[in-house]
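A.B. asks: First the structure, then my questions, so here it is.
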Amino acid sequence: MLVSAGDLEKYAYCPLSWWLSKTHKVVAKDGVTHHRNTERDLKDIQRKEKSLKFYERYILFFAVSASLIAVVGIALLYGEGSEFWKYFFVVIALLWLLNSSFFLYRASRTESIVKARYERLLLLSAMGAIIIAFFSILFATPANPAISRFAEILSLLWVILANIIFYRTLIMSDELIARKIKYAPVKGEIEYVGAAGEGEEIISEKYGIRGTPDYIIKLDDEYIPVEEKSASRDSPAFPHVMQITAYCMLVEDHYGRTPSYGILKYRDAEFKIPYERRWKTLVLALRKQLLENMERGEAHRNHHNAKKCEHCARRTYCPERLA
Ligand code: SF4
């Protein structure tokens, strides 16, 4: 049976608190508003980051096409070259394309970081092949000054368009960095934004837990779950450590990569909670106890800490309260 990370957090505070939460819903308005605002903000950042990538592709497209059109223009201006150079460049271009195919083959058979490296090499190699192929056209095309002028003007307009889009992306990127820095390091990406809807929940059949972290950052090939709390604290609370560890377990199972830590963010402090075996063992033990309580149909206070009861949201109707 799947147990939610939120239930594990309540259970870690006090089993009775979790039990009472099933019949008495306590909604902390501040917390809900804070979470909704964060969710809205993050989704907007995610959307804009996608558009930014889209614009960047446009810039690349315009820049490459402008260069190609310019080369065609030059080719049409000068016309035919010698037979030797014509064939020389065709052979080099073919060899270069073979080289690109090799990188494509290696990239398709390699994983993660190495794959990215091969993809970059592939891109560079393919660009080289295109440039050399156009040189071969340069030495093989009959001269046509009118079309040459047209091609040069077109390439100029293309470059202007690429610059306008580039300027736009620069402004957008500055705005996004200023907003994103609140949630993630600049080089990190917002990979996932948790929402109240069922569809957003992450499930781990392996650990028997489910949950919706506030958000997940992708940083240097690692997925880091982040949980925000509206309270102020100067050290992480144990139930929150259990909750963020449960999220690390979900991330580990869902993405197939083990995070080295999760982040707990309070109103004015944030903590990196290492994803350690001792915490993981405790989460699994809590899950087991919770399911046993559920089967028995009851749960009781497991502490003698009156301060806990003082701060408990279910104190007013709790039959076992100490304060
Ligand atoms: S008031 Fe105390 S005993 Fe009751 S649920 Fe809260 S923490 Fe547990």
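The values are calculated or read from the model by the stated rules, or taken from the named source; none is laboratory data. From a predicted model like this one, the values you see are computed outputs, not experimental measurements. All Cβ positions, glycine included, derive from the backbone under ideal geometry; neighbour counts span all protein chains shown.
A.B. asks: Any chance segment 295-308 includes a residue that's without any contact (Cβ under 8 Å) to a residue 12 or more places away in the chain and at positive phi? If you could, list the steps in order and put the result at the bottom.
C.D. replies: In the first step, residues of segment 295-308 are kept if they are without any contact (Cβ under 8 Å) to a residue 12 or more places away in the chain; the result is 295-297.
Retained after the next criterion (residues that are at positive phi): 297.
The answer is yes, given that some residue of segment 295-308 is without any contact (Cβ under 8 Å) to a residue 12 or more places away in the chain and at positive phi.
A.B. asks: Would you list the helices (runs of 4 or more DSSP H) that sit entirely within segment 1-105 and hold 2 or more residues that are modelled with pLDDT of 75 or more, of a type in the set (D, E, K, R) and within 16 Å of the ligand (Cβ to nearest atom)?
C.D. replies: Numbers: elements: 5-13, 15-21, 29-78.
Output list reads 5-13.
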